[in-house]
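Before any comments, here is the structure.
The values are calculated or read from the model by the stated rules, or taken from the named source; none is laboratory data. What you see is a predicted model; the values in this text were computed from it and never measured. When we count neighbours, we look across all protein chains shown, and the Cβ atoms used for this are built from the backbone with ideal geometry, even at glycine.
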């Protein structure tokens, strides 16, 4: 008779613990690491990211730096108003870890030049730095970052919360109080290996920042420049000069600041050289979206993701003309004040034969929309709808109207969505994995429980009516 194995092999325990890691937070590994030294050793191998958040984040950081020695990424999200910025940076700098990514959010002040210098001296492989929603961020801070970590490949400084208006009359030395074009130009010269940058929400950045980045950072792949002083001229400059650009997220503020585009400019003159561009997000802008997208398609660029917002120039004919020019699109989002109806959705979907995910603000019969999806979009796996009105239901569950590929469905804020209608939709998605129905007041706890019984394939549900019933 074979002897029984008294302990599970370590490889099996590693497989079990690895399955507990449901997301990047890795909080699921905290308790197992306290069970025994073997589990601590295994979780130490598995855990590469640590997120410290809440009111006791500083203590949690200290413990993590001692226990987990293979961390590659640390993110600090404090809730208290005055976190000990310098002490936290120095703890990380002297931890002996070989970090690749650091994220700081909602710090009231920027770390000192000395803290950044010490961090750069000990973290030679640091490639990603995110300093988002800082209470104070200025051009000198950017210089300190660039001098301390010259090999950065990704820099995120979005939405600083400096509490004053960027008036040059009121602040003669503007650079000492906020991030400006001068600071962006400086880091573009010092961080020439930069591949991704996010300058969204920075009032001191204009088209000059984009010109500097495009001219000096030749390896730049991704630019986020939403809600800053960027105009259509800056957007066009980037597309015509950033040869390695793959992703552009821009919200032009031309209606506020005016456009730097030459008055004689025509779209026939737009010679786009960003031939690797795959993702374009242009929202709430004065950019002529149809002509821009058609110019991109004319250049032979194979867009895969396109997000558009409200635009004064677009109508259904503009949408379809634009989408026919981009047959390679896999992800499409249309949001804003322009609400598409059932017939327009049908026209749009006919132009998207390869679509995988779709987001629409619409005003139509919800069931009619799903009938269109089933008929026109056979590969669709992710659906997000913001429906302003719902008419129906009519029978959807027929052999021709089953959405076998749909894994994710978000119908949040569908005001008139009820239990019966939701059940018909969900039943028509036999492989649905995630369902989000926040803000749907007509749904009931009993109705959602019945849906879960009928559709056991649903693993993630987000709803205030069943908070905590399934993983969120």
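Hey, among the residues in region 173-211 that are touching a residue at least 40 places away in the same chain (Cβ under 8 Å) and assigned to a helix (DSSP H, G or I), which one's surrounded by the fewest Cβ atoms within 10 Å (Cβ to Cβ)?
Per the criteria, the residue is 182.
Name the single residue that is surrounded by the most Cβ atoms within 10 Å (Cβ to Cβ) among those in region 234-253 being in a strand (DSSP E or B) and modelled with pLDDT of 90 or more.
Checked region 234-253; the qualifying residue surrounded by the most Cβ atoms within 10 Å (Cβ to Cβ) is 248.
Can we say residue 277 is under 17 Å from residue 326 (Cβ atoms), modelled with pLDDT of 90 or more, surrounded by 18 or more Cβ atoms within 10 Å (Cβ to Cβ) and touching a strand residue (DSSP E or B) at 6+ places or on another chain (Cβ under 6 Å)?
In short, no.
Among the candidates 461, 421, 452, which residue alone is assigned to a strand (DSSP E or B) and either closer than 24 Å to residue 401 by Cα or outside the structural domain of residue 403 (by TED's automatic domain parsing) (or both)?
Every option except 461 fails the conditions.
Which of (1) over 27 Å from residue 101 (Cα atoms); (2) modelled with pLDDT under 90; (3) crowded, with 20+ Cβ neighbours inside 10 Å is the odd one out, the single condition residue 228 does not satisfy?
Single failed check for residue 228: (1).
Would you check which residues across region 424-439 are part of a loop (DSSP other than H, G, I, E, B) and surrounded by fewer than 16 Cβ atoms within 10 Å (Cβ to Cβ) and list them?
Correct list: 430, 431, 433, 438, 439.
Give the residues of region 59-79 that are out of contact with any strand residue (DSSP E or B) (no Cβ under 9 Å at 6 or more places or on another chain) and in contact (Cβ under 8 Å) with a residue 24 or more places away in the chain, sorted by residue number.
Of everything in region 59-79, those that are out of contact with any strand residue (DSSP E or B) (no Cβ under 9 Å at 6 or more places or on another chain) and in contact (Cβ under 8 Å) with a residue 24 or more places away in the chain turn out to be 62, 67, 69, 70.
Given the structure, is residue 98 surrounded by fewer than 21 Cβ atoms within 10 Å (Cβ to Cβ) and within 15 Å of residue 57 (Cβ to Cβ)?
Taking the combined requirement at face value, the residue does not satisfy it.
Looking at (1) more than 20 Å from residue 158 (Cα to Cα); (2) out of contact with any strand residue (DSSP E or B) (no Cβ under 6 Å at 6 or more places or on another chain), which is the only condition residue 134 fails?
If we test residue 134 against (1) more than 20 Å from residue 158 (Cα to Cα); (2) out of contact with any strand residue (DSSP E or B) (no Cβ under 6 Å at 6 or more places or on another chain), just (1) comes out false.
Considering only region 414-423, state which residues are farther than 16 Å from residue 446 by Cα and surrounded by 16 or more Cβ atoms within 10 Å (Cβ to Cβ).
Passing the criteria: only 414.
Report yes if residue 108 is at pLDDT 90 or above, surrounded by fewer than 17 Cβ atoms within 10 Å (Cβ to Cβ) and under 16 Å from residue 160 (Cα atoms), otherwise no.
Answer is no for this residue.
Name the residue, out of 119, 155, 137, 129, that is at pLDDT below 95 and over 15 Å from residue 90 (Cα atoms).
137
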